[in-house]
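Remarks on the structure that follows.
The values are calculated or read from the model by the stated rules, or taken from the named source; none is laboratory data. All figures in this text were calculated on a predicted structure; none of them were measured in a lab. Don't worry about glycine lacking a Cβ; one is built from the backbone with ideal geometry, like all the others, and counts go over all protein chains shown.
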Amino acid sequence: MNAIAHSVNAAGSAGLWTLAWRRLRADRVAMGSLAVVAAFLLMLLLSASGLVAAGWEQEVGVNYAPPTFTGAAAAGDQQALAAQAPVADNPFDPLLDDIKAIRRQGGQGAVEPAQRRATLPFGADKWGHDIILKTIKGGETSIVVGLAAALLAVGLGTLFGAFAGFYGGVVDDLFNWFYSIFTAIPSILMILTVAAVLQHKGVGTIVLILGLTGWTGPFRLMRAEYMKHKAREYVMAADAIGASSWRKMFSHIFPNVSHVALVQLSILVVGFIKAEVILSFLGFGVPVGTVSWGSMLNEAQTELILGMWWQLTAAALAMAVLVTAFSLLTDALRDALDPKLK
């Protein structure tokens, strides 16, 4: 009897996050998507730490080396490209011998042309970079941009929505005025406008561009949640004991609406990864020397005309797998956190 009562009490005292985790764990698709997303995040950490893809800039293959599983003949005149690889350097360069000596002694990881491989597991780009390592390094940039920009956008949207929904009146009108300005312009035009104004290329710039233009969705939802919760009994009780407005907004109300912010975060990560790809594809993205999935697709558009499909396939496939897994996880998370479901 005591055991039954204990079980009932434990079930009755389960909080929102505990119940959400139980629902999420029962969903096989959600758990599979979570595993895929976790694998990509682990890849990001390993790449950022230099344990994986540290030598992605090494010229380990001949120009446009095809994937190993297609054979060296799959690239058309691959034999000619391989034959030309040893003389890739300018033979009339008076510093050619010195450059070769520096490469041998400097420990820069450069591979001599004669040592380049005719094929690689998933091919090489026009400089002979391994496509697999390049895709992993590009994923680090794209995922970091998506996560950082989503955090910035959700942070701004939550902050603005909290003030607008909690205070109302003139404060609400002011934030709604800003919201109307940002939503009156199509998002892609707003992004390109901010990118043209900032001009400076870099990962930080892309994060600012996406974060400063993507806060409107979280703002709308969080404003509505704060308007609803500020009249609840627990907020009125906090007001009765003299709690400050800041404490009521972020210590009492926010924990009860944080699931909305979390869902918005997961949605924006997907959108911002795709937006970074578009920006890099159009030339507003990462600078020269930094690789991302968007810059890989930008390079691949000319390679595809020549029949070199492997860089396009690798970048598109990696992005498609991550975006699909994140989208499925977002849908499952939204259902799991829905307080109407029991």
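So the values come out like this:
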| item | result |
| --- | --- |
| Restricting the stretch 248-288 to residues that are of a type in the set (D, E, K, R) and over 22 Å from W17 (Cα atoms), the residue that is surrounded by the fewest Cβ atoms within 10 Å (Cβ to Cβ) | K274 |
| Restricting the stretch 261-293 to residues that are among the β-branched types (V, I, T) and either touching a strand residue (DSSP E or B) at 6+ places or on another chain (Cβ under 7 Å) or at pLDDT below 80 (or both), the residue that is nearest to V207 (Cα to Cα) | V286 |
| Residue match in the stretch 295-302 (condition: more than 16 Å from G146 (Cβ to Cβ), surrounded by fewer than 19 Cβ atoms within 10 Å (Cβ to Cβ) and small (G, A, S)) | no |
| Residue tally, condition of a type in the set (A, V, I, L, M) and under 16 Å from G146 (Cβ atoms), over the stretch 43-59 | 4 |
| Which numbered condition S47 fails, given (1) of a type outside the set (A, V, I, L, M); (2) surrounded by 10 or more Cβ atoms within 10 Å (Cβ to Cβ); (3) modelled with pLDDT under 85 | (3) |
| Unmet criterion (only one of (1) under 30 Å from Y226 (Cα atoms); (2) in contact (Cβ under 8 Å) with a residue 40 or more places away in the chain) for S258 | (2) |
| Checklist (1) more than 17 Å from A150 (Cα to Cα); (2) touching a helix residue (DSSP H, G or I) at 6+ places or on another chain (Cβ under 9 Å); (3) at pLDDT 85 or above applied to A231, failing item | (2) |
| Which listed residue is modelled with pLDDT of 85 or more and not in a helix (DSSP H, G or I), from M296, M308 | M308 |
| Where a residue in the stretch 10-36 is within 12 Å of L328 (Cα to Cα) and of a type in the set (V, I, T) and its partner, wherever it lies, is at pLDDT 85 or above and part of a helix (DSSP H, G or I), with Cβ under 7 Å and at least six apart | V29/L328; V29/A332; V36/V321; V36/A325 |
| Test set (1) within 30 Å of P121 (Cα to Cα); (2) among the aliphatic types (A, V, I, L, M); (3) at pLDDT 85 or above; (4) part of a helix (DSSP H, G or I) - A30 fails condition number | (1) |
| Among residues of the stretch 214-227, those that are within 17 Å of L174 (Cα to Cα) and buried (at least 22 other Cβ atoms within 10 Å of the Cβ), counted | 6 |
| Cβ pairs under 9 Å, 6+ apart, first in the stretch 45-69 and without any contact (Cβ under 8 Å) to a residue 40 or more places away in the chain and in a loop (DSSP other than H, G, I, E, B), second among the small types (G, A, S) and crowded, with 22+ Cβ neighbours inside 10 Å | A54/S47 |
| Qualifying helices (runs of 4 or more DSSP H) (wholly inside the stretch 141-256; at least 3 residues being in contact with a Lys or Arg (Cβ under 9 Å, 6 or more places away or on another chain)) | 169-184, 233-240 |
| Selected residue (criterion: farthest from the chain's Cα centre (by Cα)) from residues of the stretch 177-212 that are closer than 28 Å to K248 by Cα and touching a residue at least 40 places away in the same chain (Cβ under 8 Å) | Y179 |
| Identity of the residue in the stretch 228-242, farther than 16 Å from A162 by Cα and surrounded by 13 or more Cβ atoms within 10 Å (Cβ to Cβ), that ends up nearest to the chain's Cα centre (by Cα) | A238 |
